[in-house]
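The values are calculated or read from the model by the stated rules, or taken from the named source; none is laboratory data. Computed from a predicted model, the values in this text were never measured in an experiment. Positions of Cβ are backbone-derived with ideal geometry, glycine not excepted, and every protein chain shown enters the neighbour counts.
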């Protein structure tokens, strides 16, 4: 073999050796871009649901503030995964977040829920969310090992980052808390003085145990001096309806509105009716209707 041939072979080997880390880094970056898009899509669907669906908390089964927190975390993580150049830290965060998603979806699946609310109004069975989270965790493990880092090492990196952040926060914490308190107080003032209390309110109803179709009476009170009118309604399910329509409610008076509940599934239920109003200070009010349904003859 000639010296030129030997030199060419060595150059090719060295080129492949240098190309492997680049290929691994590129694969790792593409993976995190895909996860970032997945998180962004999930956050946008939930945000659309929060802004357009008055039954968002009933659909997900969790308080509104918790869904808002989930949206903020997903947006922040999606942005970090798309812009950061710290693959070790990104692997740790993806593992932590998607292990939480997987556990949550598995729990939703175990209790028999048909929709986990992971993608807002787009119905997704918990089994689908489990599969997606499991696939992301598997690919994240492969991606972490591709760049030569074990996940346990990645978690130590995450712990060091959090500890460093906590140490640095001692200097900026007072200013941060002051700014946060000022913003919170300003928002509270706006809610109290600009929004004010609701002029027309409805009392929530707890029916206790019922055995079938039940008629209800919804008490609506006008706390203002201005007359109002109920011009329509929308319920969270077809099992809940209003029998009286287009009602006038005088200022400082109460009104009883007839409704009907037709439970379709045994067990605890929680539904909501939103009344649309023609009033100078308010466009809608809502009432929550809850209870426990068991078919007649099976009550113990």
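Here are the numbers for the structure shown:
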quantity	calculated
Residue within region 283-295 that is in contact with a strand residue (DSSP E or B) (Cβ under 9 Å, 6 or more places away or on another chain), in a loop (DSSP other than H, G, I, E, B) and buried (at least 17 other Cβ atoms within 10 Å of the Cβ) present	no
Boolean, residue 78 is under 16 Å from the mean Cα position of the chain (by Cα), modelled with pLDDT of 80 or more, in a helix (DSSP H, G or I) and under 27 Å from residue 29 (Cα atoms)	yes
Selection within region 257-281 - surrounded by fewer than 19 Cβ atoms within 10 Å (Cβ to Cβ), part of a loop (DSSP other than H, G, I, E, B) and at pLDDT below 90	264, 265, 266, 280, 281
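Here is a yes/no grid of residues against (1) modelled with pLDDT under 90; (2) surrounded by fewer than 16 Cβ atoms within 10 Å (Cβ to Cβ); (3) over 19 Å from residue 100 (Cα atoms):
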{"site": "5", "(1), (2), (3)": "yes, yes, yes"}
{"site": "9", "(1), (2), (3)": "yes, yes, yes"}
{"site": "12", "(1), (2), (3)": "yes, yes, yes"}
{"site": "17", "(1), (2), (3)": "yes, yes, yes"}
{"site": "54", "(1), (2), (3)": "yes, yes, yes"}
{"site": "57", "(1), (2), (3)": "yes, no, yes"}
{"site": "60", "(1), (2), (3)": "yes, no, no"}
{"site": "85", "(1), (2), (3)": "yes, yes, yes"}
